[in-house]
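Reviewing the structure listed below.
The values are calculated or read from the model by the stated rules, or taken from the named source; none is laboratory data. Please read all numbers here as calculations on a predicted model, not as lab measurements. Virtual Cβ from ideal backbone geometry, glycine too; neighbours counted across all protein chains shown.
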Amino acid sequence: MGQPAIEEAHLTSLTAATAARSSASSEHSLVVEDLRVHYDTPEGVIKAVDGVSLALKPGERLALVGESGSGKSTLAMALMRLTKAPGRIVAGHIYLGGKDITLLEEPEMRQLRLNEIALVPQGAMNSLNPVMRVKHQIIDGILDHVADRKQTPDSHELEERVNRLLARVGLSPEVGRMFPHELSGGMKQRVAMAIAISLSPRVIVADEPTSALDVVVQRQIMQTLGRLQQGLDAAVILIGHDMGLVAQFANRVGVMYAGKLVELGPVQQIFTEPLHPYTKLLIESLPNLEEKKKFIGIPGLPPTLLRLPSGCVFHPRCPSFIKGTCETVAPHYQEVRPERETSCHLYAGVRA
Amino acid sequence: MTEIVVERPSGTSAAARRMRFAQRFFVAVVGNYVFRRVLFFLFVVWLASTVIFIIPRLSGQDPVKEKLLLEAQRGGHLQSGFEDMARTYQKRFGLDRPIWIQYRNFILDLAQFDLGPSIAFFPRTVNDILMDSLVWTIGLLGTVTILSFVIGTLSGALLGWPRAPGYFKYLFGPLLTLSAIPFYLLALLLVFLFAFRFSIFPLFGGYGIGKVPDFSLDFALQVLRHAILPAMSIILASIGFWALGMRGMMVTMQGSDFMVQAEAKGLKAGRIFLRYALRNALLPQTTALALSLGTVLTGAVLVEVVFRYPGLGNTLYQAIRLSDFFIIRGFVFAVIVSLALATLIVDITYPLLDPRVKYRKG
Amino acid sequence: MATTYIEPVVKPGPQNWVERNRLRILPIYRYMRRNPSLVWGIGILLSLLLFVGYGTLFYPHERFRPLSADVRLPPSTTYPFGTDTQGRDIFAVMVRGIPLTLRIGLIAGGIGLVLGTSLGFIAAYYGGWVDAAIRTVVDVGLTIPGLLILILIAVNVKGGLSVDQMGLAVATVAWVHPARTIRSQVLVMREQLYVEIARLSGVSGLGIVFREMMPNLMPYLAASFVGSVGAAILASIGLEALGLGPFDSPTLGMTVYFNIVFSSVVVGMWWWLVPPIAAMAMIFVGLFLIASGLDEWANPRLRKRI
């Protein structure tokens, strides 16, 4: 019973993505098509990312939220083709500017990194090389992407470029001469952003860029990020679990659970009218400044990715659980309303 | 760390300004990293001297008297001047003098690097004898340590780098085994295999028998030939140790956030290897170098004994056989001072490598 | 009366000891496959002990003394390892000498471990000036090679050191390294939550020490012990090589010393040099393998196979 249903779901999301792809690179900066990233462990296969599809337009800000273990960080790494053994991309495609990067050899991929797709890491506490000065760490990224030997910029040009980049993230030129340990958390994160924009990439992947910072600095960093992104007209994928930040920054929000994308839609609608039961619980669990109400969590624990629940992965914790359907059949991920995608049996019969 | 609260003098008079400056200077010096290390060095030297002073006193033996007795028993003849020396010795260190005076004289002598006369080779002084052998030992050890550290560290770095050529990994096993074997043992093995079974290298000595040291090419070549086996004993075993340590460090580095970031930046593999991984792994490796100096030295000393290489080790060996306590004592003191000094130098230069360690303790 | 032949009843199910104890053996077997270093290390040392055992039981090992046989005999059926320049039966020397060397290592390593652990523990647990004092001594002790102090001691003891005296002497310098290791470990552990919880639950100081911390220290204690034993044996061999060891005892180091003094290599008496070298190599490699095996136990991150 489950087999044909899964295939159908596969086809559906494929058509959506293929449609996106056929519009070529001018339409979408980034297209992810049924991506699956698995980890081979002695205890079994961990399906960290299990069939995720999404598309990103230039200048768009997409936020991906989910609990720890939902697969969002794995997805971020996979987008950069940085998945490390024992993980590997087992299926799916990633189109960056129309090019399928899952098929590229490592040297070609290396060229694309930083140039076309850049990473702003999680709390740059340790993301900077402790023994190199900041400016050298910005410079080496530039140097290693020079296409032609003769075009290597000289030290003067490089110095200017570094200062300009630092200025764009709101840092003074002196920071260039400092070592990472002499900077505060916020400053380090700004440096990381300066590095990320140094080659004007098409897509910026920000993996929980503010989780290690305090609230005030968080806001500044997010504002800076937004400003930079607009300047470049780059697309941003923001990975995180802080719904508040997401609400202020993103255009669209995707919710991940147990390696799957369970909902995707414009930020306003996700917050005011969440479709998937998991998203509903997430929104409801947010504390509200206006009214006092009981603190609701989400009952149960996220499933172990080794042995996912049958049918819909969320069914053991779902308040809208439909007996007979939800534990046997996996729901399709589809567009159930204009620009609203979700995978839930509650909306099964509804096709946009 | 105790807080020192000091009242800063106020006012703009010249005297007040001088006081403030003096205070800042004082705090800077006492809190200074270099200062503390030098202090520790002096402490070690002093402690060593005291221990060297105390231990023989515990056994109640008087080395000079012993020698005199020995010669008297054998009916042998003493070098001229020996008795004078014995009398001077009695005056300064005789067991009838109060212990504080003995101690004071001892420390004074040491401070002037006067290690005393040699009993077995009288009238040569201990300094004299040690100096002769020092050259050989430094030559051997210096070269060997540098070579093995460089080769070992590089091999270890490559071993720990997943993108290194595959055939390299086969080196790991042999290197591991070699690192377990003490220099001394390896020396015996090498002497047995390459000097005896397959007479490729000379059995012992620093140069050919009967050859008088001079600055000729022939002598230089002989020195080299004779140094190869002793050097290899130390090098082969040390390389394993350095390689292992470096490999461990590199593997630990792999998981670091900044390594992931380096890759995310799309940097070239060579650059990541050298500037990111290696450079950071070198830090604990250098610390390990400082800590290993003692072991390397004692190992080298024993290797010299096996090969009768004319270095400090051999001198020590002869001194023990001839019961020349002053040489033994001088040797121990000299070695301790050198090691403490070497550790001090490495400690002081470490901040140059690691910008996170500052010269000032903040 | 003729004995009646009764047909043996063949019982179904597990037939031999291995099968019957499968449940008990399986985890051990699995661990052995996971940790080959440990297995090989123990194996090597065990084979040495087997050699000694065999020799002690079935060989005339009193022949280790000088003048027990003709001098300079190459290996033969009567003297499997030949004899040396003073008429010692080298096989007997090995049978007698290996346990002696091991004994020095065990005494020194054991005392060193107990002393070092206690001091390291006290330093880390009580902190303050006690810690500062012990730490300084340890730092100094690490800078100065122990062999030098041993040389001074040995030279000043009238009549040379006996085997047990050597063990004690080496112990005086062997405690430094374990002290340092245990101290850092305890410092880390002290901050761990489970200690705090125990303390808050009213468990006495000593109770915390033995019930909470010791079990977690076991891997480090074991590794330190093996390390100490190895270092102690190395130090004792070093002393003996310089001629400061027990002259009457056939320890491995003394045998090598005599080899050097009588230039066995020059005169071609390879049978005198090879056995002690082989024994020493086995001891050191064996200890090293055990130490790496224990390392793997202490630090699960190093585990290569699961």
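Below are the figures for this structure:
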| read-out | value |
| --- | --- |
| The listed residue being surrounded by fewer than 20 Cβ atoms within 10 Å (Cβ to Cβ) and either more than 9 Å from every other protein chain (Cβ to nearest Cβ) or aromatic (Phe, Trp, Tyr) (or both), out of C:ILE107, C:ILE111 | C:ILE111 |
| B:ARG92, sole failed condition from (1) assigned to a helix (DSSP H, G or I); (2) under 20 Å from B:PHE333 (Cα atoms); (3) at pLDDT 70 or above | (3) |
| Meets criteria (charged (D, E, K, R), assigned to a helix (DSSP H, G or I) and within 14 Å of chain B (Cβ to nearest Cβ)) for A:ARG161 | no |
| Sole residue being touching a Phe, Trp or Tyr at 6+ places or on another chain (Cβ under 8 Å) and part of a loop (DSSP other than H, G, I, E, B), chosen from B:PRO230, B:PRO213, B:PRO162, B:PRO202 | B:PRO213 |
| Elements of type helices (runs of 4 or more DSSP H) contained in the range C:1-103, each with 1 or more residues being at pLDDT 85 or above | C:36-58 |
| Matching entry among B:ILE234, B:ILE272 (being crowded, with 19+ Cβ neighbours inside 10 Å and within 20 Å of the chain's Cα centre (by Cα)) | B:ILE234 |
| Hey, B:GLY299 part of a helix (DSSP H, G or I), over 24 Å from C:VAL261 (Cα atoms) and either aromatic (Phe, Trp, Tyr) or in contact with a Pro (Cβ under 9 Å, 6 or more places away or on another chain) (or both) or not | no |
| Unmet criterion (only one of (1) free of Cβ contacts under 8 Å to residues at least 24 places away in the same chain; (2) surrounded by 21 or more Cβ atoms within 10 Å (Cβ to Cβ)) for C:LEU150 | (1) |
| Scan of the range A:266-324 for residues that are aromatic (Phe, Trp, Tyr) and loosely packed, with under 12 Cβ neighbours inside 10 Å, ordered by number | A:PHE295 |
| Pick from the range B:102-159, criterion among the hydroxyl-bearing types (Ser, Thr, Tyr) and outside any helix (DSSP H, G or I), ranking: surrounded by the most Cβ atoms within 10 Å (Cβ to Cβ) | B:SER118 |
| Helices (runs of 4 or more DSSP H) enclosed by the range A:173-255 - at least 3 residues per element that are of a type in the set (Gly, Ala, Ser) | A:185-197 |
| Index of the failed condition, B:SER338 passing every other in (1) modelled with pLDDT under 85; (2) of a type in the set (Ser, Thr, Tyr); (3) closer than 19 Å to B:PHE113 by Cα | (1) |
| Residue check, A:ASN126 within 13 Å of chain B (Cβ to nearest Cβ), polar (S, T, N, Q) and free of Cβ contacts under 8 Å to residues at least 40 places away in the same chain | yes |
| In the range C:150-170, residue farthest from the other protein chains (Cβ to nearest Cβ) [restricted to those that are at pLDDT 85 or above and under 16 Å from B:THR298 (Cβ atoms)] | C:VAL170 |
| Filtered residue count, the range A:86-105, keeping only those that are within 14 Å of chain B (Cβ to nearest Cβ) and without any contact (Cβ under 8 Å) to a residue 24 or more places away in the chain | 3 |
| Test for B:ILE272: is it among the β-branched types (Val, Ile, Thr), within 14 Å of chain A (Cβ to nearest Cβ), closer than 29 Å to B:SER179 by Cβ and part of a helix (DSSP H, G or I) | yes |
| Answer from B:THR315, B:THR286, B:THR349 - the residue that is away from every other protein chain (no Cβ under 11 Å) and buried (at least 22 other Cβ atoms within 10 Å of the Cβ) | B:THR315 |
| Qualifying residue in the range B:138-146 (condition: touching a Phe, Trp or Tyr at 6+ places or on another chain (Cβ under 8 Å) and away from chain C (no Cβ under 14 Å)) | yes |
| Enumeration of residues in the range A:323-352 that are of a type in the set (Val, Ile, Thr), touching a His at 6+ places or on another chain (Cβ under 6 Å) and either modelled with pLDDT of 85 or more or within 22 Å of A:GLU273 (Cα to Cα) (or both) | A:THR342 |
| Some residue of the range A:61-70 being surrounded by 18 or more Cβ atoms within 10 Å (Cβ to Cβ) and within 11 Å of another protein chain (Cβ to nearest Cβ) | no |
| Of all residues in the range B:177-206 being facing chain C (nearest Cβ under 8 Å) and more than 23 Å from the chain's Cα centre (by Cα), the one that is nearest to B:PRO310 (Cα to Cα) | B:LEU203 |
| Hits in the range A:122-161 (condition: crowded, with 20+ Cβ neighbours inside 10 Å and either touching a strand residue (DSSP E or B) at 6+ places or on another chain (Cβ under 6 Å) or at positive phi (or both)) | A:GLN122 |
| Residue ID - surrounded by the fewest Cβ atoms within 10 Å (Cβ to Cβ), chosen from residues in the range C:241-252 that are more than 9 Å from every other protein chain (Cβ to nearest Cβ) and out of contact with any Pro (no Cβ under 8 Å at 6 or more places or on another chain) | C:ASP248 |
| Enumeration of residues in the range C:106-130 that are within 24 Å of B:PHE40 (Cα to Cα), assigned to a helix (DSSP H, G or I) and without any contact (Cβ under 8 Å) to a residue 24 or more places away in the chain | C:ILE122, C:TYR126, C:GLY128, C:TRP129, C:VAL130 |
| Test: B:LEU217 is within 12 Å of chain C (Cβ to nearest Cβ) and either farther than 17 Å from B:GLU304 by Cβ or touching a helix residue (DSSP H, G or I) at 6+ places or on another chain (Cβ under 8 Å) (or both) | no |
| Residues that are away from chain B (no Cβ under 11 Å) and either out of contact with any Lys or Arg (no Cβ under 8 Å at 6 or more places or on another chain) or not in a helix (DSSP H, G or I) (or both), drawn from the range C:133-149 | C:ALA133 |
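Yes/no matrix, rows are residues, columns are (1) at pLDDT below 85; (2) in a helix (DSSP H, G or I); (3) among the aliphatic types (A, V, I, L, M):
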| site | (1), (2), (3) |
| --- | --- |
| C:LEU206 | yes, yes, yes |
| C:MET213 | yes, yes, yes |
| C:MET218 | yes, yes, yes |
| C:VAL226 | no, yes, yes |
| C:PRO246 | no, no, no |
| C:SER264 | yes, no, no |
| C:VAL274 | no, yes, yes |
| C:ILE290 | no, yes, yes |
| C:GLY293 | yes, yes, no |
